[in-house]
Amino acid sequence: MKITYYGHSCFGIHTAGVHLLLDPFITYNELAQGRVRADEVPADYILLSHAHQDHMADLVSIAQRTGATVVGSWEVHVWCEKQGLKTHPMNLGGNWQFPFGRVRCVEAVHSSSFPDGTYGGNPMGYVVESEGKAFYYAGDTALSLNMQLIPRRHKLDFAFLPIGDNFTMDVQDAVTCADFIQCADVIGMHYDTFGFIRVDHDRSRQVFAQAGKQLTLMEIGQTLEK
Ligand code: NI
Ligand code: MN
């Protein structure tokens with residue numbers, strides 16, 4: 001599995017011969033400018049955690065260019081269908097076997113509406129099983145006791161967790177989340193993009209290290225192998 005960071009909460013994952021794209025927000029991310037371009041990002045499936053602008057600003061243009069299938073809540077599906085996009089609707093607790101592997105929708109404690117005000121349904125996280133590995137993409141969420149249910153069904157190899165505070169969990173809660181999901185290998189997201197969510201990188205990594213866990217903060221444009 002190859003993971004490429006496009007900034008904020010946006011990752012590309014190349015697995016089982018397909019390109020997954022998570023929460024595309026590139027063009028309006030100042031930190032991503034000059035490093036990645038939305039019109040060059042590959043996508044076969046776009047998994048959307050929720051409909052806020054900082055997770056979907058490049059959704060329509062990338063889906064139109066690539067013909068990718070958008071996976072999201074029922075309400076995300078209805079909105080995307082109106083834009084003429086290919087979709088696969090899901091909702092909390094549901095699983096689906098895609099050509100690249102199995103996707104499960106899990107709870108995210110947040111809100112979800114499109115920039116035009118349309119209700120976006122439940123915000124979600126995803127557990128993806130592909131190539132014999134499993135990862136959790138938390139989306140935007142607060143820490144929740146229900147995260148403890150995830151390892152009852154999935155043995156996670158790594159997890160994408162928000163660490164930026166203000167709109168989501170902070171670093172300390174992300175460490176507790178890593179305990180709940182029984183996964184010590186965490187890739188941070190949803191930090192530094194705006195003034196509200198700047199974090200101290202060294203301190204954040206230390207908080208994880210002190211708990212016996214690893215926090216990876218990827219460079220925008222960087223690719224790593226899992
Ligand atoms: Ni959000
Ligand atoms: Mn967000």
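The values are calculated or read from the model by the stated rules, or taken from the named source; none is laboratory data. Please read these numbers as outputs of a predicted model, since none were measured by experiment. When we count neighbours, we look across all protein chains shown, and the Cβ atoms used for this are built from the backbone with ideal geometry, even at glycine. Protein only, heavy atoms only, side chains kept; ligands, DNA and RNA dropped before computing areas. Shrake-Rupley method; radii C 1.70, N 1.55, O 1.52, S 1.80 Å.
Here are the numbers for the structure shown:
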{"quantity": "Cα pair distances exceeding 21 angstrom across region 1-134, given as percent", "calculated": "35 percent"}
{"quantity": "Beta bridges per DSSP with both ends in the chain, % antiparallel, nearest 5", "calculated": "60 percent"}
{"quantity": "Positive minus negative residues near G93 (Lys, Arg vs Asp, Glu; Cβ under 11 Å)", "calculated": "+1"}
{"quantity": "Gained length - K133 relative to L145, 0.36 nm times residue gap less alpha-carbon distance", "calculated": "1.9 nm"}
{"quantity": "Net +/- balance of residues flanking D44 in space, Cβ distance below 13 Å, scoring K and R +1, D and E -1", "calculated": "+2"}
{"quantity": "Amide proton proximity set for G125, modelled H, under 5 Å, gap of 5+", "calculated": "V106, E107, A108"}
{"quantity": "Summed side-chain charge close to A209 - residues other than A209 whose Cβ falls under 12 Å, Lys, Arg +1, Asp, Glu -1", "calculated": "+2"}
{"quantity": "Cα-Cα over 20 Å, subset of K2/K86; K155/K226; K2/K133", "calculated": "K2/K86"}
{"quantity": "Gap separating the Cα centres of region 208-226 and region 69-102, nearest whole Å", "calculated": "29 Å"}
{"quantity": "Order of exposure, largest accessible area first, which applies to R153, R205 with probe 1.4 Å", "calculated": "R153, R205"}
{"quantity": "Average accessible surface area per residue within region 2-225, 1.4 Å rolling probe, Å²", "calculated": "43 Å²"}
{"quantity": "Over 29 Å [Cα-Cα, the chain], rounded percent", "calculated": "17 percent"}
{"quantity": "Highest-first arrangement of 130-136, 28-34, where packing means the average Cβ count within 10 Å", "calculated": "130-136, 28-34"}
{"quantity": "Angstrom value of the Kirkwood radius, inverse mean 1/r, which spans all Cα pairs in region 81-172", "calculated": "14.4 Å"}
